Every structure is written in C-alpha cells, then in structure tokens.
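Asker: Let me begin by handing over the structure; questions about it come next.
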Amino acid sequence: MDEVEFWELVDAAREDAEGDPEEQADLLVERLVRLDPEAVLDFARHFESRYHRAYHWDLWGAAWVLLDGASDDAFDFFRCWLIGQGREVFEGAVHDPDALAELLDDFDEEIDGDAEDLGYAADEAYEQLTGTVAPDLDLPPAPAEPEGTPIDFENEALLADRYPRLWSRFRI
C-alpha cells in the first residue's frame, strides 16, 4: 500500500462516517479486513509514521487551544484524529498548526479532536484477518519527547500570541 492508497482509505472512511471519529474507525476496520494482512501492516506503518511526525510541541499547543487543554493522552488521541482528517488537514497542521483555524470547517469539542479508536484500526483488522496480534512494524522508535521547543500551555497570553487565528476563532 502506498501513501495515496493510505489517504484514500482514511478519506473514504471519514466521508462515509460523516465526521464521526468512532464510526470512521469502525468503517476503516471493515475496509482493512478486505485487504491482505501485509497491506494492513503497510497501512499501520503509514499511520504510525504520521502519528510520530505529529509529535511536536507546536501541534500540542494547537490541540490545547482547540480542546481547552490537552493531557498527554488527549494529545495522543488528537494526533489520531488529525490523521483521520485527511492529508490536506494533516499536512497543513504539521506545517503550520495555527492554520487549523482555516483547515477545519467546524470543531466540536465533544466529538472532534479525539479519535483513539483510529489508532487501533489496523491492529484490530490484522487480528481479525490472522487471529494473531500484529507484529512489530520495524519503524524507528517513537520520540521520547515532542519535537521543538516546549510551550507553557497554562499561559493564555502566550497561546493567544502563538496561535492568533485558532485563538480568535475557537477561544474568543
């Protein structure tokens, strides 16, 4: 599975789920079990590499603004959700987290920003296909700390200054 096929699966599941992250994860599992196990592992590799790529302080700050706070776990689930939004939103946010103000049509804290189940879709599909747990993906280890410079998330003035578009759209 190449990168284009990965994003096509993510996009189709999101569109059919009408933006509901839990439904998107269920649909993704349904689609992945139609593939062979190696393709499912390829999907998992694509997902995991993007998940690690999004482990950045600047993106965590954007999640903090959108979610009105984001613990370690909340940021993990946010990164899964961000991948689930598709290539354009993901790449745009990784490049410029404040651009999420324009990249997102809407954001509902109760539904959006948390897609933990998306992170397990490939594992679940692989187990359904093979009856075994997915093997190690042979990817570089996850970074111990986010990339970039740490941010004081409790400093609202700093967040408003660093993410002016997100702040004005989602916090004022």
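The values are calculated or read from the model by the stated rules, or taken from the named source; none is laboratory data. On a predicted model such as this, the values are computed, not experimentally measured, just so you know. Please note: Cβ atoms are built from the backbone with ideal geometry, for glycine as well, and neighbour counts cover all protein chains shown. Surface accessibility is based on the protein's heavy atoms, side chains included, excluding ligands, DNA and RNA. Shrake-Rupley method; radii C 1.70, N 1.55, O 1.52, S 1.80 Å.
Asker: State all residues of region 13-26 that are more than 14 Å from D123 (Cα to Cα) and either open to solvent by 40 Å² or more (accessible area, probe 1.4 Å) or out of contact with any Leu (no Cβ under 8 Å at 6 or more places or on another chain) (or both); if no residue qualifies, say none.
Answerer: R14, E15, D16, E18, G19, D20, E22, E23
Asker: State whether the residues of region 37-51 include one that is open to solvent by 30 Å² or more (accessible area, probe 1.4 Å), under 23 Å from D106 (Cα atoms) and in a helix (DSSP H, G or I).
Answerer: Yes: one or more hits.
Asker: Can you name the residue in region 69-93 that is of a type in the set (D, E, K, R) and more than 19 Å from L9 (Cα to Cα) and, of all such residues, is surrounded by the most Cβ atoms within 10 Å (Cβ to Cβ)?
Answerer: Here the answer is D76.
Asker: On to the next question. On the given criteria, is E110 at pLDDT 95 or above, open to solvent by 50 Å² or more (accessible area, probe 1.4 Å) and charged (D, E, K, R)?
Answerer: When the stated conditions are applied, E110 does not pass them.
Asker: Only residues that are under 23 Å from D73 (Cβ atoms), among the aliphatic types (A, V, I, L, M) and either modelled with pLDDT under 95 or surrounded by 10 or more Cβ atoms within 10 Å (Cβ to Cβ) (or both): list them for region 127-145, please.
Answerer: Of everything in region 127-145, those that are under 23 Å from D73 (Cβ atoms), among the aliphatic types (A, V, I, L, M) and either modelled with pLDDT under 95 or surrounded by 10 or more Cβ atoms within 10 Å (Cβ to Cβ) (or both) turn out to be A134, L137, L139, A142, A144.
Asker: Which one of these does G61 not meet: (1) assigned to a helix (DSSP H, G or I); (2) open to solvent by 20 Å² or more (accessible area, probe 1.4 Å); (3) not aromatic (F, W, Y)?
Answerer: Unmet for G61, out of (1) assigned to a helix (DSSP H, G or I); (2) open to solvent by 20 Å² or more (accessible area, probe 1.4 Å); (3) not aromatic (F, W, Y): (2).
Asker: Could you please give the count of residues in region 94-107 that are in a helix (DSSP H, G or I) and open to solvent by less than 50 Å² (accessible area, probe 1.4 Å)?
Answerer: Residues flagged as in a helix (DSSP H, G or I) and open to solvent by less than 50 Å² (accessible area, probe 1.4 Å) within region 94-107 amount to 7.
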